[in-house]
Amino acid sequence: MNWRIISTLTTAYYAYMLEYRAELLLWALSNSLPLIMLGLWSHSAQGGGFPLTGTEFERYFLAVFITRQFNVVWVIWEFEKEVISGQLSHRLLQPIDPAWHHFFSHIAERIARLPFVIGLTVLFLLMYPQAMWLPHWRHILLLLVVVPLAFILRFLMQYTSAMLAFWTERASALEQLLFLIYLFLSGAVAPLEVIPLPIRTFLVWTPFPYLVYFPAMLLVGNLPGQEIERGIGVLLVWSGVFWLINRYLWQQGLKRYSAMGG
């Protein structure tokens, strides 16, 4: 894919997203669960017995809020609709893989959402000024790599689940179950430090902590160098695994779709 196609898709979907700016604000607010959990955990931390202080909880959940704004994915609902309605047939006539339409629509939405994310972050810091901190410039540079990798992995995970739409009309029902697992195991509702060590030891080899917890902890500066290297490696490995599974299911699904007259 050349730069002209990338630019055209991004520009077109960005213009489309701007038509729904009110909805973008609502979508940004709908991902404010970390800010709700912040109040619960920071209040609990005042009684002691937790590995993080109240201020550390505040910084962590602000970082989680920011991180989750960049890895929200909805491709399974769009893809399921295209398969069921037959719209996928029109996509297949185009010279590019339909996945790129979904991918760049997500990228464009991130760009359009950014002003709302900045505004909500500033509002949060006005409410919790003690939580303000300045990330290290090295961590900021690493985030420019880690956050896109986390989004790509999240996108591949859900897009792979979306392939089930070739075999069932309720592929999105699986995502509702996986989303609950994602919330609890990714660090979105609680940092991994409060999870029992045996479970935490197992989780570090799954993709979930690297979708939210890893970039959030990198943003607040609480990750040693060796964990950063391992985290990037795990992101790359799991992305490769889901890409291979996705391509296999895509080829098999297309055969079934064509056989059914799609």
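The values are calculated or read from the model by the stated rules, or taken from the named source; none is laboratory data. Being a predicted model, the structure only gives us computed values, none of them experimental. Reconstructed Cβ throughout: ideal geometry from the backbone, glycine too, with neighbour counts over all protein chains shown. What goes into the accessible areas is simple: the full protein's heavy atoms, side chains included, and nothing from ligands, DNA or RNA. Shrake-Rupley method; radii C 1.70, N 1.55, O 1.52, S 1.80 Å.
Annotations for the structure displayed:
- Residues Val72 and Thr206, FRET efficiency given R0 of 22 Å [Cβ-Cβ distance, rounded to 0.05]: 0.65
- Descending by average beta-carbon neighbour count within 10 Å, the peptides 145-157, 224-236 line up as 145-157, 224-236, the highest first.
- Solvent-accessible surface of the chain, taken per residue with a 1.4 Å probe and all protein chains present: 52 Å².
- Relative contact order (%) - the chain, alpha-carbon pairs under 8 angstrom, separation at least six: 27
- Per the Debye formula on identical point scatterers at the alpha carbon atoms of region 121-217, with no solvent, log10 I(q)/I(0) at q = 0.13, 0.19 Å⁻¹ is -0.62, -1.06.
- Listed peptides 61-70, 133-142 by packing density, highest first (mean Cβ within 10 Å): 61-70, 133-142
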